[in-house]
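Written below as structure tokens is the structure these notes are about.
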Amino acid sequence: MFNEADDYQEIRDAVRGLCRQFPDEYFRKVDEQKAYPEKFVDALMEAGWLAAMIPEEYGGTGLGLTAATVIMEEINRSGGNAGAVHGQMYNMGTLLRSGSKAQKDKYLPGIAAGKLRIQSMAVTEPTTGTDTTKIKTTAVKKDGRYVVNGQKVWISRVQHSDLMILLARTTPLAEVKKKSEGMSIFIVDLKDAIGHGLTVRPIPNLVNHETNELFFENLEIPEENLIGEEGRGFKYILDGLNAERTLIAAECIGDGYWFIERARKYASERIVFDRPIGKNQGVQFPIADAFIEIEAANLMRFEAARRFDAHQDCGAQANMAKYLAAKASWEAANVCMQTHGGFGFANEYDIERKFRETRLYQVAPISTNLIYAYVAEHVLGLPRSF
């Protein structure tokens with residue numbers, strides 16, 4: 001909770017200590033330059049925080065998703081942006097749960113040691129969006145390799161990753177019994193792929209978030225880079241997406257606490273008409289309301305993470321956690337901006353930067369309307385709406 005110690009206090013204290021080495025000025029400068037926080041990411045990897053979900057036998061700490069969400073929360077709560085690194089966590093889940101022993105032996109020790117980054121997942125396409133079963137990127141098996149053709153969009157951290165998880169159709173949609181069948185996932189070695197069948201085109205955007213369009217033209221992937229069984233990729237990818245949504249929820253909660261603390265502090269110190277503005281209920285009530293919403297979202301985050309770590313179905317909880325946390329952080333962002341008035345727009349306060357960053361999660365990685373549709377159908381039993 002807000003100021004209470006919990007089972008992860010040791011992790012929280014350590015991550016906060018690392019983050020103190022990268023104050024607001026650091027992230028402000030990175031944002032201004034549209035750069036990637038290389039020094040910060042290197043520090044996280046060197047300290048082992050991005051190997052939290054890797055079992056000890058591979059050089060990780062085997063802490064699970066719950067601990068991973070705490071790490072992401074604390075980065076954002078300290079004023080940073082975990083969007084630069086969170087792909088390492090949820091892509092890790094896909095490899096850990098669905099990868100072969102040979103794949104784990106090959107990649108996990110390097111990832112745990114900070115020598116390899118697996119920051120990117122290529123699922124979304126320009127013409128299908130979140131209608132994943134309609135993807136058009138194909139992977140055709142030929143002479144012990146898969147030949148990939150197609151296009152992806154909004155694929156993040158490609159330029160700062162060594163490995164990428166790719167979802168492609170290995171069986172045409174018209175030839176499968178269920179539309180969720182016939183898709184497969186692969187590990188793509190980006191250093192081998194870029195310029196040899198894979199073209200990366202950056203997409204300038206509202207926040208300092210490195211994201212791209214990808215174009216595949218006869219990209220060859222070794223057969224041994226197929227994760228799990230051919231045709232079952234959609235099922236495998238869902239695990240990764242549930243982890244992603246839970247991690248995003250934690251980041252939003254971290255943002256929310258950051259906004260609330262900044263608003264609380266400013267409202268307590270800012271004197272107008274000979275009194276702190278926080279003495280006025282019109283100022284304090286919205287801050288209290290935002291705090292309550294963040295606290296409630298926090299509970300759902302921990303429930304989603306607990307179920308994931310227990311290998312229980314957590315689709316509903318992951319979706320609801322992401323919805324509640326993204327909504328709460330955006331409300332907290334608006335309250336913080338309103339509390340600061342004009343100063344909230346000044347770069348030196350960092351509110352406008354965090355304001356832009358947390359707004360992303362109303363849209364991605366899954367939109368609010370699709371979460372409504374999921375809950376309506378899979379939790380409430382209502383007829384499918386699409």
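The values are calculated or read from the model by the stated rules, or taken from the named source; none is laboratory data. The shown structure was predicted, so the numbers you read here are calculated from the model rather than taken from an experiment. Neighbour counts run over all protein chains shown; Cβ positions are idealised from the backbone, glycine included. Ligands, DNA and RNA are stripped out before the accessible areas are found, and what is left, the full protein with its side chains, is counted by its heavy atoms. Shrake-Rupley method; radii C 1.70, N 1.55, O 1.52, S 1.80 Å.
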>> Full-extension gain between PHE345 and LEU370, please, as 0.36 nm times their residue separation minus the C-alpha to C-alpha distance.
In response: 5.8 nm
> Distance in nm between label sites at ALA47 and THR133, each 7 Å beyond Cα in the beta-carbon direction?
Replying inline: 4.4
> What ranking of SER100, SER156, SER385 comes out by heavy-atom accessible area, probe 1.4 Å, highest first?
Replying inline: SER385, SER100, SER156
>> As a test question: what accessible area, to the nearest 10 Å², does ASP42 have when a 1.4 Å probe is rolled over all protein chains in place?
In response: 80
>> Give the aspartates and glutamates whose C-alpha is closer than 19 Å to that of LYS101, dropping any in the same chain fewer than 8 places away, or say none.
In response: GLU56, GLU57, ASP189, GLU223, GLU224, GLU229, GLU230, ASP239
> Roughly how many whole Å is it from the C-alpha centroid of segment 315-363 to that of segment 86-144?
Replying inline: 29
> Per the 1.4 Å probe, what fraction of the accessible area of segment 225-299, in percent, lies on carbon and sulfur atoms?
Replying inline: 55
>> Taking the Cα centroid of segment 164-225 and of segment 1-55, what is the distance between the two, rounded to the nearest whole Å?
In response: 29
> Mind checking which of ILE54, ILE277, ILE294 has the largest fluctuation in a GNM of the chain, springs on alpha carbons under 10 Å?
Replying inline: ILE277
>> In Å², and per residue, what accessible area does segment 242-386 have when probed at 1.4 Å with the other protein chains present?
In response: 47
> Say the cut-off is 27 Å between C-alpha atoms; which of LYS106/LYS142; LYS106/LYS178; LYS104/LYS141; LYS152/LYS322 go over it?
Replying inline: LYS106/LYS178
>> Testing the spin-label approximation: label points 7 Å from Cα along Cα→Cβ at GLU38 and THR199. State their distance in nm.
In response: 2.7
> ARG20 to ASP143: extension gain in nm, 0.36 nm per residue of separation minus the Cα-Cα distance?
Replying inline: 39.0 nm
> How far, in nm, would the chain grow between VAL379 and ASP7 when pulled straight, counting 0.36 nm per residue and subtracting the alpha carbon separation?
Replying inline: 130.9 nm
> According to the Cα gyration tensor, what semi-axes, each the square root of 5 times an eigenvalue, does the equivalent ellipsoid of segment 17-166 have, listed from largest to smallest in whole Å?
Replying inline: 29, 21, 13
> Which value, in Å², gives the accessible area per residue of segment 1-89 when a 1.4 Å probe is used on the protein heavy atoms?
Replying inline: 43
> Under a 1.4 angstrom probe, counting protein chains only, how are LYS115, LYS136 ranked by accessible area, largest first?
Replying inline: LYS115, LYS136
> What percentage of the solvent-accessible surface of segment 56-161, computed with a 1.4 Å probe over protein heavy atoms, is contributed by carbon and sulfur atoms?
Replying inline: 50
> Taking a spot 7 Å from the Cα of LYS101 along the direction of its beta carbon, which residues of segment 21-65 have an amide N less than 16 Å from it?
Replying inline: 57-58
> At q = 0.11, 0.17, 0.18 Å⁻¹, what base-10 log of I(q)/I(0) does the Debye formula yield for segment 235-298 when every alpha carbon is treated as an equal point scatterer in vacuo?
Replying inline: -0.38, -0.65, -0.69
>> Would any residue of segment 135-161 have its amide N under 15 Å from a label point 7 Å out along Cα→Cβ of GLU217? List them or say none.
In response: 148-152
>> For the chain, what are Rg and Dmax over the alpha carbons, in angstrom?
In response: 21.2, 79
> So how compact is segment 95-173: Cα radius of gyration and Dmax in angstrom?
Replying inline: 14.2, 40
